[in-house]
Amino acid sequence: MKYFMKQGDLWQIDAALRGMVQYKEFNLLDSPKLLGQFDVVFCRNVLIYLDQATKDVVLGRIADLIPSDGVLFLGGAETVLGISDRFQPMAGQRGVYCLASEAVGAAPSIATRSLGASAN
């Protein structure tokens, strides 16, 4: 509740938190080196349109962009399983992945993670 304000029937995220988020267009097939590091990546309903080899390349690039406690959100019809060994599912979270270097079950759940900037 501390990050949201009710506006009639809708909820709006706190301006200070919203100010830390950056939205940019980016071609996932381009080099991401200049983007910096991301705590959270939303790549929902994109991978379903790519072949297996391209999915592996894209997931590898995303893995290179997030810190060890970073999180990847995929769409409901998407998975990393059988495509990339760089990510693993977060315990109890559908479509949410962390880097495979995190111990299974030891990764924090989304509900207990502290909110931070989407991009550094």
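The values are calculated or read from the model by the stated rules, or taken from the named source; none is laboratory data. Treat the numbers as computed from the prediction; the structure is a model and nothing was measured. A quick note on method: Cβ atoms are made from the backbone with ideal geometry, for glycine too, and the neighbour counts reach across all protein chains shown.
When Val80 is tested against the conditions (1) more than 11 Å from the chain's Cα centre (by Cα); (2) of a type in the set (A, V, I, L, M); (3) at pLDDT 90 or above; (4) not in a loop (DSSP other than H, G, I, E, B), the lone failure is (4). Scanning the stretch 3-56 for residues that are of a type in the set (Val, Ile, Thr) and modelled with pLDDT of 85 or more yields Ile13, Val40, Val41, Val46, Ile48, Thr54. Note on the stretch 25-69: among residues that are touching a residue at least 60 places away in the same chain (Cβ under 8 Å) and more than 22 Å from Ile83 (Cβ to Cβ), the one that is surrounded by the fewest Cβ atoms within 10 Å (Cβ to Cβ) is Gly36.
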